[in-house]
Structures are given as C-alpha cells and as structure tokens.
Amino acid sequence: MLTPEGMLALLKERGMAFKLYHHPPVGCGDCAHLFPQVAGAIVKNLVLTTKKGRLVLFTLPLDAKADLKKLAAALGLPRFSFARTSDLVFLGVPPGMVSPLALLNDMGGELIYVEPEELSACSLINCHPLLNTMSIDIKLSDVHQLIEQSGHVITKLKGVLLD
C-alpha cells in the first residue's frame, strides 16, 4: 500500500512532473481561498456507496456540484449515500484525503471511478497525494495513465453536474 511519500516517489520514478505544496490540513471547501497560487484546477472527490456496499469515487472540479440522482442513474445503481470511514479502510486513506491517486491502493478494484466530462477541460489538476497537508499540481493525463495502469476504468459522464 502506497504512503504519501511512496506516492511522490512513484510519480518521480515514472517521470511524471508535479509541483508539491505543503499546507495546514484542509478539506476541499478550504482549498480555493487558502491556495490561490496553485496552477491546477482544484478537484474534490466524493466517495459514495450504495446500500449493498458498491463504492464510487467521483472526482469533479471544486466549484461544481454533483447531481447524485443523475449520477446513480447513469451508472445503473440505486441511490447513494456518502461512504463512512470504515468503508475506506482498504484504501489506507481516510475521508478528506481521498483523490484519484488513492485508486493505486485499491488492489481489489472495489471502487468505480467516475469523472464528469467537464473535468476533461482541465489539463492540470490539484489534488492530495494521499495526505491533506500536501497537494500537487499534476497533469490530468498523467493521473489518467496511473488510474488505467492500476486496472481501473475511467468512466466519463455527461449531465451529472448541477447547473
């Protein structure tokens, strides 16, 4: 299981450029005004679950709002609730620190990974490298490469954000 330091080492090992920021612990609601210097579009990550325990990681721009009913319908799943800390133990990352990079710790492929099509407009994103006292600017294409190499499929959906 990757640690934050292991994640940064992996990115360097694979030649993936990133800019690292150290900061006080933050939730996604705090990020925009605390870190105006970041170059990447700050993303937030919703970990959702169905009553039967199917887990979905939905990554979207910080200022966007998800339509969870449309998201569930588009995935052919029943309605969602937010995952509990106990649902995320297998990731080694508690809520508030999950990012698409956490998929590298999902060895069993338990998470469905979803992005709104609108995220594709962001060539550079800013996310936590498994710890909420750090964030990195990284190319979205590099994140996608890592996700695909981890065996996860990237599901891109249209019409799942509120206007």
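The values are calculated or read from the model by the stated rules, or taken from the named source; none is laboratory data. It should be emphasised that the depicted structure is a prediction, and the values quoted were computed from it without experimental measurement. For neighbour counting, all protein chains shown are included, and Cβ atoms are generated from backbone atoms with ideal geometry for every residue, glycine included.
Filtering segment 54-90 to residues that are aliphatic (A, V, I, L, M), within 24 Å of residue 41 (Cα to Cα), touching a residue at least 40 places away in the same chain (Cβ under 8 Å) and surrounded by 18 or more Cβ atoms within 10 Å (Cβ to Cβ) leaves 56, 57, 60, 66, 71.
Exactly one residue out of 114, 98, 93 is touching a strand residue (DSSP E or B) at 6+ places or on another chain (Cβ under 6 Å), in contact (Cβ under 8 Å) with a residue 24 or more places away in the chain, surrounded by 14 or more Cβ atoms within 10 Å (Cβ to Cβ) and closer than 29 Å to residue 24 by Cβ, and it is 98.
Which members of segment 128-152 meet the condition of being at pLDDT 95 or above and either small (Gly, Ala, Ser) or under 21 Å from residue 65 (Cβ atoms) (or both)? Passing the criteria: 140, 141, 150, 151. Beta carbons closer than 8 Å, at least 6 apart along the sequence or on distinct chains, pair a first residue in segment 133-147 that is without any contact (Cβ under 8 Å) to a residue 60 or more places away in the chain with a second that is buried (at least 16 other Cβ atoms within 10 Å of the Cβ) and among the aromatic types (Phe, Trp, Tyr) for 147/113. Restricting attention to segment 122-154 and to residues that are out of contact with any strand residue (DSSP E or B) (no Cβ under 6 Å at 6 or more places or on another chain) and assigned to a loop (DSSP other than H, G, I, E, B), the residue that is nearest to residue 22 (Cα to Cα) turns out to be 133. Look at (1) of a type outside the set (Val, Ile, Thr); (2) at pLDDT 95 or above; (3) more than 23 Å from residue 16 (Cβ to Cβ) and you find that residue 113 fails only one, number (3).
Could you tell me whether segment 2-22 includes any residue that is of a type in the set (Val, Ile, Thr), more than 18 Å from residue 162 (Cβ to Cβ) and either modelled with pLDDT of 95 or more or assigned to a helix (DSSP H, G or I) (or both)? Walk me through it before giving the result.
Restricting attention to segment 2-22, the residues satisfying the condition of being of a type in the set (Val, Ile, Thr) are 3.
Of the ones still in play, those that are also more than 18 Å from residue 162 (Cβ to Cβ) are 3.
From the residues that got through so far, the ones that are either modelled with pLDDT of 95 or more or assigned to a helix (DSSP H, G or I) (or both) too are 3.
Yes; the residues of segment 2-22 include at least one that is of a type in the set (Val, Ile, Thr), more than 18 Å from residue 162 (Cβ to Cβ) and either modelled with pLDDT of 95 or more or assigned to a helix (DSSP H, G or I) (or both).
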